[in-house]
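First the structure, in the form of structure tokens, and then the observations on it.
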Amino acid sequence: MNAKQTIEAGKAILGIEFGSTRIKAVLIDEQNKPIAQGSHEWENQLVDGLWTYSTEAIWYGLQDCYAELRKDVLKQYDCEIESLAAIGFSAMMHGYMAFNEQQQILVPFRTWRNTNTGKAAAELSKLFNYNIPLRWSISHLYEAILDNEEHVSDIKYLTTLAGYVHWQVTGQFVLGVGDASGMIPVDPATKTYDAEMVKKFNELIAPKGFSWTLLDILPKSLSAGEQAGFLTPEGAKRLDVSGHLKAGIPVCPPEGDAGTGMVATNAVKQRTGNVSAGTSSFSMIVLEKPLTKPYEMIDMVTTPDGSLVAMVHCNNCTSDINAWVSLFKEYQQMLGVPVDMNELYGKLFNKALEGDADCGGLISYNYVSGEPVTGLQEGRPLFVRSANDKFNLANFMRAHLYGAIGVLKLGNDILLKEEHVQVDRITGHGGYFKTPGVGQRMLAAALNSPISVMETAGEGGAWGIALLAGYMVNKKSMNLADYLEHVVFAGNNGTEIAPTAADVEGFNRYIENYRRGLSIEQAAVEGKA
């Protein structure tokens, strides 16, 4: 079938992902190729000191994103989407969405970006002997308990953004195991919440006398390929306000953006990994065995089919680079020179390749917000140099490209150098890699590992969740890793760049300067500079 016939026959598959700045929909055909897309731009809001998106913004964004997809289908193929083979929803992980018995949200959605959960995360990490990050749902829940928030006693449901959307359009209160593992740790053997940790948490909060225990309020955990419900008539109307989309479409388990990134880069098999680098960044390495001990810098989550993954998550990545590029754009406009942003990014990124391997001593801290990995609760973007450093455009741009992945390197050094984790392939995706070869070379130097980038990686998480929806209906007897390897990617592992000895040595010198300069960043935060 061609794309039009696939859509008209109801055999296309839809993936929708709620990212931090964009909601994206991707429609794929029976060969897993994208054939249409839609998107909606949105931004979080700081309300009463906490980062949030309103439920109204969530539903308006979803409907506008789908409407844009529908327009794209009408424009390209002159047909309507009436039915689909499957749908999947994914979203930024973690955070806190608590609801009462009437399914009304009790407090505004608290996103992963909030860092107000320090006391809770520290106490739970000690209790579980397991690193519990600030942004995890269990940290938010326990912080609300410690802060004696009145709404806690009324909680009937606690879920993530992906789980919430899925629940409202299918009636099923479930979550993909990868997303579930970012609420509270998951046992890879059972592929559900760790029973011992659940028991410890319930004993910890028992004196409070709540009417619920933890498993009463958490979604059921499902692995990739499992049935997770069907689009209800009400759900179809909430998704497609035009009324063309029919109910009854199967929906796969909702997943987090980490899981969909793994799928989109064919990195769910042990000894593979991926790096997502955009507004925030994170690396995911699928482990052969557990780490020898917990590390504050490393989060343990799972693949969408339940394998253990070591995750290094950084709150900041490309936002500071974007701000500097905008400054160059303003200068160019002042001179009366037309600006093509793709050309501007390309020229500046490629200029970085001419810089010294150690950036000539220049340092960039890209901390628009706090960075838990380096212990910063708040951020102040800083560019640092001494009078004797080699200050030129090439080194300036290279320092910012290095700075965008500096925290990522600190976390991965633990995995690769201290834990001796073995990795056969690391794949990069996200805006950091958009200029061919540049971000790839920088990351190869940072991790001292070959980095691959695929042409399809630009499709991102929306494509990844569409692939998971396709796996649910087409898996036959294959496991997820084999399905991706043999059906979706068919051996295509992308274009690889290996690190050079000079680049690796230069990045190591840069990161030593970076470590020593963290006190400057700390002083800027404390001084409210």
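Here, P(r) means the percent of Cα pairs in each 20 Å bin from 0 to the largest distance; for the chain it is 23, 56, 21, 0. Legend: calculated FRET efficiency, Gln377 to Asn322, from the Cβ-Cβ distance at R0 = 22 Å, rounded to 0.05, equals 0.45.
For the set Lys24/Lys237; Lys329/Lys390; Lys33/Lys351, the pairs lying more than 26 angstrom apart at their alpha carbons are Lys33/Lys351. Shown here for the range 295-403: GluC sites (Glu not before Pro) in loop regions (DSSP other than H, G, I, E, B) with at most 16 other Cβ atoms within 10 Å, namely Glu296, Glu354, Glu378. Over the C-alpha atoms of the range 1-41, the Rg to Rh ratio, Rh being the Kirkwood estimate, stands at 1.06. Placing +1 on each Lys and Arg Cβ and -1 on each Asp and Glu Cβ, with no other charges, gives the range 116-194 a dipole about its Cα centre of roughly 220 debye. Given 37 °C and 0.692 mPa s, compute D for the range 316-403 with the Stokes-Einstein relation, Rh being the Kirkwood radius over Cα pairs; round to the nearest whole µm²/s. Using the Kirkwood radius from Cα pairs, D works out to 237 µm²/s.
Taking the Cα centre of the range 245-329 as reference, the dipole from Cβ charges on Lys and Arg (+1) and Asp and Glu (-1) amounts to some 180 debye. Loop-resident trypsin sites (Lys or Arg not before Pro) (DSSP state other than H, G, I, E or B) in the range 265-331 with no more than 15 further Cβ atoms inside 10 Å of their Cβ: Arg271.
Ligands, DNA and RNA left out, the accessible area of the chain computed with a 1.4 Å probe is 50% carbon and sulfur. With θ taken as phi - 60° and the Karplus curve 6.51 cos²θ - 1.76 cosθ + 1.60 applied, the whole-hertz 3J(HN,Hα) list for the range 93-103 is 7, 6, x, 8, 10, 10, 10, 8, 4, 7, 6 Hz, x standing for glycine and proline. The value of relative contact order for the range 234-370, using C-alpha pairs under 8 Å at least six residues apart, is 17 percent. Surface analysis of the chain yields an accessible area of 40 Å² per residue, using protein heavy atoms and a 1.4 Å probe. Computed about its Cα centre, the charge dipole of the range 187-254 is approximately 180 debye, with only Lys, Arg, Asp and Glu carrying charge at their Cβ.
Spacing of the modelled spin labels on Asn479 and Glu234, each 7 Å from Cα toward Cβ, amounts to 3.9 nm.
Considering only Tyr66, Gly182, Gly431, and ranking their Cα positions along the charge dipole of the chain that arises from unit charges at the beta-carbon of Lys, Arg, Asp and Glu, the one farthest toward the positive end is Gly431. Across the chain, the mean sequence separation of Cα contacts (distance under 8 Å, 6 or more residues apart), normalised by length, yields a relative contact order of 15 percent. Whole-Hz Karplus values for the range 71-77 come out as 4, 4, 5, 4, 5, 7, 10 Hz, taken residue by residue from phi with 6.51 cos²θ - 1.76 cosθ + 1.60 and θ = phi - 60°; glycine and proline positions read x. Applied to the range 413-418, the Karplus parametrisation 6.51 cos²θ - 1.76 cosθ + 1.60 on θ = phi - 60° returns per-residue 3J(HN,Hα) values of 4, 5, 5, 7, 9, 8 Hz, with x for Gly and Pro. In the range 26-163, taking the dipole from charged Cβ atoms about the Cα centre, the farthest positive-side position among Phe128, Ala86, Trp112 is held by Phe128. Label-to-label distance, Asn148 versus Ser54, with points set 7 angstrom from Cα along the beta-carbon direction: 3.1 nm. Sites listed here are trypsin sites (Lys or Arg not before Pro) in the range 461-529 whose DSSP assignment is loop and whose Cβ has at most 13 other Cβ atoms within 10 Å: Lys476, Lys528. With Cα atoms as the point set, the range 231-390 shows a radius of gyration and Dmax of 21.7, 68 Å.
The values are calculated or read from the model by the stated rules, or taken from the named source; none is laboratory data. Fair warning: this is a prediction, and the values are worked out from it, not measured in the lab. Note that we place each Cβ from the backbone using ideal geometry, even for glycine, and neighbour counts take in every protein chain shown. With ligands, DNA and RNA removed, areas are computed over all heavy atoms of the protein, side chains included. Shrake-Rupley method; radii C 1.70, N 1.55, O 1.52, S 1.80 Å.
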